[in-house]
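The values are calculated or read from the model by the stated rules, or taken from the named source; none is laboratory data. A quick note: this is a predicted structure, and the numbers were derived from the prediction, not measured. Virtual Cβ from ideal backbone geometry, glycine too; neighbours counted across all protein chains shown. Just so you know, the surface numbers come from the protein's heavy atoms only, side chains and all, with ligands and any DNA or RNA stripped out. Shrake-Rupley method; radii C 1.70, N 1.55, O 1.52, S 1.80 Å.
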Amino acid sequence: MDSWREIEGKQVHDPLYYNQKERMNPGVCVWVPGPVIVGAGPSGLAVAACLKEKGVLSLILERSNCIASLWQLKTYDRLCLHLPKKFCQLPLLPFPVSFPEYPTKQQFVSYLEDYAKKFGIVPEFNETVVSAEYDNGLGLWRVRTSTGEGKKEYVCRWLIVATGENAEVVTPEIDGMKEFKGSIVHTSMYGNGDIFGGKKVLVVGCGNSGMEVCLDLCNHNARPSLVVRDTVHVLPREMLGWSTFGLSMRLLRWLPMKVVDFLLLLVSRIMLGDTARFGLRRPSLGPLELKGLTGKTPVLDVGTLSKIKSGEIKVRRAIKRLTEYSVEFVDGTLEDFDAIVLATGYKSNVPSWLKEREFFSDKDGFPRRPFPESWKGENGLYAVGFTRRGINGASIDARKIAQDVERCWKAEAKKPSQT
């Protein structure tokens with residue numbers, strides 16, 4: 001049986017099923033017996049593979065022209081996985097043994113491409129989901145897309161949201177942005193520091209991306225400064241011969257979170273010194289407690305801190321406003337810059353297309369229930385990749401979703417024989 005079939009548009013727009021005002025332009029409707037997955041990033045690939053293993057076919061809709069578009073099109077060249085590879089592999093397929101402990105961006109993308117090939121995952125590319133809504137009359141989801149060739153509507157029993165935490169860039173509103181004569185780019189458009197050699201560059205945002213972009217700019221002979229508006233935890237990437245993340249997970253098996261946080265900060269103080277001396281004040285909550293409550297990830301240092309200590313990277317306070325060639329900071333200082341790089345992150349875009357507000361919050365686009373209860377909603381709605389726990393969290397959810405869909409799939413398959 002084909003994984004889906006096309007029905008003439010006039011059939012699905014029969015008044016028996018839909019209100020006149022909601023009719024689409026005449027076109028194609030696609031019936032999908034299995035789940036429709038929105039997003040072909042690591043989360044979407046993971047759940048599709050888990051479903052395939054259980055004999056459930058699915059259809060992935062992807063707005064870009066490739067899998068893992070964030071990784072392939074919107075990340076800087078020097079990016080490596082921040083965690084050891086064993087914490088970043090997808091279900092059912094480990095990383096190649098030949099890969100280093102922290103695979104590069106290129107290695108990770110090749111792993112994902114091999115993953116899709118192994119499980120026969122072929123997304124429908126260049127299909128942007130413009131709306132998805134549950135039809136109570138039909139008991140099915142209606143997913144509408146826009147393509148270069150027109151519009152489509154997919155009808156399915158299960159809808160899996162896999163667009164993730166990083167679907168749209170976050171661009172802050174800074175007074176004077178339109179007046180500034182230098183270039184302003186988001187890290188999604190930053191490849192490397194080649195074009196910034198010899199220039200003064202202000203990097204806004206002190207997360208892992210902002211820190212690494214500053215380091216990359218130094219390596220390309222630029223003169224970077226880093227805006228640190230809030231408190232931040234900076235930890236060594238490795239401690240006592242272990243990855244910091246791996247060590248944390250081991251300690252949490254035996255010790256309370258507050259005790260583990262205390263130990264992490266103690267070792268960090270010994271290895272890195274007092275980061276507050278260099279303008280990097282620590283939050284009052286420990287790194288693990290803060291991550292659990294807010295999702296804010298600690299910075300794992302890969303060499304940036306030594307550049308800050310040496311003065312090659314300057315730390316600046318929050319921005320008050322921009323002028324044609326200068327930046328005025330909240331402490332009153334005024335400094336000229338040639339360019340600004342916004343390392344201000346990403347956000348979920350779910351509220352812009354999913355017509356549902358019980359499971360997903362319209363405030364931040366995340367499931368309202370926290371992990372580990374964030375994977376399942378009502379009426380066959382699921383979420384994967386919204387755990388604030390990276391790829392490992394997405395893999396956990398992918399397995400749960402596949403098990404649940406398989407149970408429903410088998411139950412529905414038995415219905416005809418019982419009538």
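Tallying residues that are assigned to a helix (DSSP H, G or I) and either closer than 16 Å to Thr75 by Cα or touching a residue at least 24 places away in the same chain (Cβ under 8 Å) (or both) within the range 192-224 yields 14.
Would you check which residues across the range 225-241 are part of a loop (DSSP other than H, G, I, E, B) and small (Gly, Ala, Ser) and list them? Give the steps one after another, and end with the answer.
Let us first name the residues in the range 225-241 that are part of a loop (DSSP other than H, G, I, E, B), namely 228-233, 237, 240-241.
Listed by number, the list holds a single entry, Gly241.
Taking (1) at pLDDT 95 or above; (2) over 30 Å from Thr323 (Cβ atoms) in turn, Ser225 satisfies each apart from (2).
Taking the condition more than 17 Å from Asp230 (Cβ to Cβ), surrounded by fewer than 17 Cβ atoms within 10 Å (Cβ to Cβ) and either of a type in the set (Ser, Thr, Tyr) or under 29 Å from the mean Cα position of the chain (by Cα) (or both), does Arg253 pass? Before the answer, list the steps.
Working: more than 17 Å from Asp230 (Cβ to Cβ): yes; surrounded by fewer than 17 Cβ atoms within 10 Å (Cβ to Cβ): yes; either of a type in the set (Ser, Thr, Tyr) or under 29 Å from the mean Cα position of the chain (by Cα) (or both): yes.
Here the answer is yes, as Arg253 does meet what is asked.
Picking from Ser268, Ser209, Ser248, which residue would you name as being open to solvent by 10 Å² or more (accessible area, probe 1.4 Å) and either out of contact with any strand residue (DSSP E or B) (no Cβ under 8 Å at 6 or more places or on another chain) or closer than 19 Å to Pro84 by Cβ (or both)? Can you show your working first?
Numbers: Ser268 fails: open to solvent by 10 Å² or more (accessible area, probe 1.4 Å); Ser248 fails: open to solvent by 10 Å² or more (accessible area, probe 1.4 Å).
Matching residue, one of Ser268, Ser209, Ser248: Ser209.
Taken residue by residue, the range 290-306 has no member that is in contact (Cβ under 8 Å) with a residue 12 or more places away in the chain, farther than 19 Å from Val204 by Cβ, in contact with an Asp or Glu (Cβ under 6 Å, 6 or more places away or on another chain) and open to solvent by 30 Å² or more (accessible area, probe 1.4 Å).
Within the range 270-371, considering only strands (runs of 3 or more DSSP E) that don't extend past its boundaries, which have at least 1 residues that are within 29 Å of Ala394 (Cβ to Cβ) and in contact with a Lys or Arg (Cβ under 7 Å, 6 or more places away or on another chain)?
Details: elements: 299-301, 314-316, 319-322, 326-329, 334-336, 339-342.
Ranges flagged: 299-301.
Checked against the criterion of being open to solvent by less than 50 Å² (accessible area, probe 1.4 Å), touching a strand residue (DSSP E or B) at 6+ places or on another chain (Cβ under 9 Å), closer than 22 Å to Tyr346 by Cβ and modelled with pLDDT of 95 or more, the candidates Val155, Val161 yield just one match: Val161.
Please go through the range 101-122 and pick out each residue that is touching a Cys at 6+ places or on another chain (Cβ under 8 Å), of a type in the set (Phe, Trp, Tyr) and not in a helix (DSSP H, G or I).
Residues of the range 101-122 touching a Cys at 6+ places or on another chain (Cβ under 8 Å): 102-105, 108.
Those left that are additionally of a type in the set (Phe, Trp, Tyr): 102, 108.
Answer for the range 101-122, where residues must be touching a Cys at 6+ places or on another chain (Cβ under 8 Å), of a type in the set (Phe, Trp, Tyr) and not in a helix (DSSP H, G or I): just Tyr102.
On the given criteria, is Val405 in a helix (DSSP H, G or I), aliphatic (A, V, I, L, M) and open to solvent by less than 10 Å² (accessible area, probe 1.4 Å)? Criteria met by Val405.
Within the range 94-108, can one find any residue that is among the aliphatic types (A, V, I, L, M) and under 18 Å from the mean Cα position of the chain (by Cα)? For the range 94-108, residues among the aliphatic types (A, V, I, L, M) and under 18 Å from the mean Cα position of the chain (by Cα): absent.
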